[in-house]
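Here is the structure we will look at, set down as C-alpha cells.
The values are calculated or read from the model by the stated rules, or taken from the named source; none is laboratory data. Fair warning: this is a prediction, and the values are worked out from it, not measured in the lab. Here the Cβ positions follow ideal geometry from the backbone for every residue, glycine too, while neighbour counts run over all protein chains shown.
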Amino acid sequence: MKRRSLFVLLAALILVLSAMPLVAQDAVELRITWYDDGNEGEVLRDLLDRFEADNPDITVVVDTVAYNSILEQLPLQVEAGEAPDMARITNLPGLRGYYLDLRPLLEDPDYFESSFPAAVLNAFREEGDMEGLYGFPTQFTVTGPFINRTLFDQAGIDVPSESGDPVSWEEWTEITKQVADATGTPYAIAMDRTGHRFAGPAMSQGATYFDDEGNITIDTPGFRTMAELLNSWHQEGITPAEVWLGAGDSYAAANEYFSNGQLVMYMSGSWQISRFSTEIGDAFDWEVVPNPTGPGGSTAMPGGAGMVAFAQTEHPEEVARVMEYLIQPDVMREFTARTLFIPGHLGLGEVEYDTDVPAAAAALAAFTLEIPNIQDQAYDLNFHPQNFVVFNETRDRLTQYMVGELSLDEAIERIQQAVDEAIAAAAA
C-alpha cells in the first residue's frame, strides 16, 4: 500500500510539474519596436504594465531603438517578413500594404475611427481603401524654432518676433549672428538634417511643392532661396557643420548643441519639449518663437508619430486588444500629459500637462498657436505616399550641393528625378 501511495504521489507530482511550463506559455508575447524623443517610452511602459495586470494572457515587450533604425532598418525587416507585432513610426504611408487591418478585430471600430483625423487614418491606407484601420497617431507634431532667450538678454538684443511684426529667415539669420558674436556662442542658427524640417522654411520663402495638376514639383524660386540660405549658414560657419555635412545618408538633429547652450536658434519641433525640459533644467531660459515668414507666408510642417500593427503578427486578436487599450481617453490623456505632446486624439479636451517647467508649458502653447497657420500643401506633402522620398532626397542632394559635389541645379534635378521614379514605380 505504501509503495502504491508513493507511486500515486509521484505520478501526481510529475503531472503538476509537467503542466507548469504550459501555464507559463499561456501568455502571448507581443513586441513593439519603439523610439524615444523624450520620456515617452517610460510612460508607455507604465501604461502597458497596467494593461498586463488586467490581461495576464498578454505580455508586451518594448524594443527601444534609435530613430534612424525606425527609418532605415524597420522597413527592411518588414519587407523581409520579420516585422514586429507593432511599431512606432513617422513615415505613416511608407509601409502601406504591410499593416494589419484592426477593424474586424476591434470591439468598437467606430470609436477608433472617430477619435483621429481622417487625414491621418488615410495615410495608413492603400489607394482606394476607405475603411481599413491600421494604426493611430501617438501625437501631433508642429515644426518651429526654439531660441536661447538668455543669450538674447546677455547680448542686450531684443527678440524680433516680440514686436508683432513678421520676421523673415534672413532677418533671424542676421540677428542670431549678432547674438552669437556678442555672447561668444559658437553657433547662431541650425536646422535638423531632414527635408521635412527644410520644407516649412522653403514654403515660407514661396516654394510650392505641387503644381496645378497636383504633381510634386521641386524647382521653384522659394526652394532655391531656402537652399541658398542654408548653404550660406555653412559657408559662414554659423551653423554646426556636423549636422548636415557629417551625418552620411542619415537623419541628424542639432538638439545637443541647443541643450548645451552652444546655439542661439534651433529649427526643430514640438517633440523636443520634453527633452529640453529635462536636459536644460535651469541652465538657461528657452522659448519657442513663431515660424519666420517670407514671400510664401509663414507655415509649420505638421507631423507626428503613429503606432501601427503589422499583418505578419501571429497574434492579431491580442494586438488589437493592446491597440484598443492605448487609445482609450484616460490612457491617451495620461500619455499626452506626461510626455508633453500635442494630442493626436480628437476627444481628449483640454489636457493638464504634467510639468512644473514654465518654458515647457509656454512652448506647448506657442506650437499650438502655429497650427491654424499650417498651409494645405504642408499637409498634402506630409501625408503623400512618396513624402519620405521628397524628404530624404532633399536632405541628401542638398548636402551634396553644400559640399560642392553637385550644383544647386543638379541637386534639384536629382531630387525631382528620384520623386518621379518613385511615383512611377508605385503606379506600375
First in the range 45-56 and closer than 14 Å to MET323 by Cα and touching a residue at least 40 places away in the same chain (Cβ under 8 Å), second anywhere and aromatic (Phe, Trp, Tyr) and surrounded by 10 or more Cβ atoms within 10 Å (Cβ to Cβ), Cβ under 7 Å, 6 or more apart: LEU47/PHE335; PHE51/TYR325
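Among the residues of the range 338-350, is any among the basic types (Lys, Arg) and over 22 Å from ASP37 (Cβ atoms)? Walk me through how you get there before you give the answer.
To start, the set of residues in the range 338-350 that are among the basic types (Lys, Arg) comprises 338.
Next, only the ones that are over 22 Å from ASP37 (Cβ atoms) stay: none.
Scanning the range 338-350, I find no residue that is among the basic types (Lys, Arg) and over 22 Å from ASP37 (Cβ atoms), so the answer is no.
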Members of the range 99-124 found to be over 23 Å from GLY41 (Cβ atoms), at pLDDT 95 or above and not in a helix (DSSP H, G or I), listed by number: ASP101, LEU106, GLU107, ASP108
Pick from the range 159-178, criterion of a type in the set (A, V, I, L, M, F, W, C) and not in a helix (DSSP H, G or I), ranking: surrounded by the fewest Cβ atoms within 10 Å (Cβ to Cβ): VAL159
Yes/no for THR194 being more than 14 Å from PRO292 (Cα to Cα), out of contact with any Asp or Glu (no Cβ under 7 Å at 6 or more places or on another chain) and buried (at least 22 other Cβ atoms within 10 Å of the Cβ): yes
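So, of the residues in the range 373-428 that are among the hydroxyl-bearing types (Ser, Thr, Tyr) and surrounded by fewer than 19 Cβ atoms within 10 Å (Cβ to Cβ), which turns out to be farthest from ALA118 (Cα to Cα)?
Once the filter is applied, the top-ranked residue is SER407.
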Failed item, numbered, when THR138 is tested on (1) over 25 Å from ILE374 (Cβ atoms); (2) under 27 Å from the mean Cα position of the chain (by Cα); (3) of a type in the set (S, T, N, Q): (1)
The range 269-293, subset in contact with an Asp or Glu (Cβ under 8 Å, 6 or more places away or on another chain) and of a type in the set (D, E, K, R), residue modelled with the lowest pLDDT: ARG275
Test: residue in the range 203-220 that is more than 20 Å from HIS384 (Cα to Cα), of a type in the set (A, V, I, L, M) and assigned to a helix (DSSP H, G or I): no
Index of the failed condition, ALA320 passing every other in (1) more than 20 Å from the chain's Cα centre (by Cα); (2) surrounded by fewer than 17 Cβ atoms within 10 Å (Cβ to Cβ); (3) in a helix (DSSP H, G or I): (2)
Residue match in the range 222-230 (condition: free of Cβ contacts under 8 Å to residues at least 60 places away in the same chain, closer than 21 Å to GLU410 by Cα and acidic (Asp, Glu)): no
Condition met for ILE238 (over 19 Å from ASN392 (Cβ atoms), in a loop (DSSP other than H, G, I, E, B) and of a type outside the set (S, T, N, Q)): yes
One residue from ALA300, ALA311, ALA360 being within 30 Å of GLU421 (Cβ to Cβ), hydrophobic (A, V, I, L, M, F, W, C), at pLDDT 95 or above and surrounded by fewer than 23 Cβ atoms within 10 Å (Cβ to Cβ): ALA311
Filter result for ASP181 (part of a loop (DSSP other than H, G, I, E, B), over 26 Å from the mean Cα position of the chain (by Cα) and either surrounded by fewer than 14 Cβ atoms within 10 Å (Cβ to Cβ) or without any contact (Cβ under 8 Å) to a residue 12 or more places away in the chain (or both)): no
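So which residues in the range 63-98 are of a type in the set (A, V, I, L, M) and surrounded by 17 or more Cβ atoms within 10 Å (Cβ to Cβ), if there are any at all?
Our first condition is that a residue be of a type in the set (A, V, I, L, M); within the range 63-98, this holds for 65-66, 70-71, 74, 76, 78, 80, 83, 86-87, 89, 92, 95.
Residues satisfying the conditions are ILE70, LEU71, LEU74, VAL78, ALA83, MET86, ALA87, ILE89, LEU92, LEU95.
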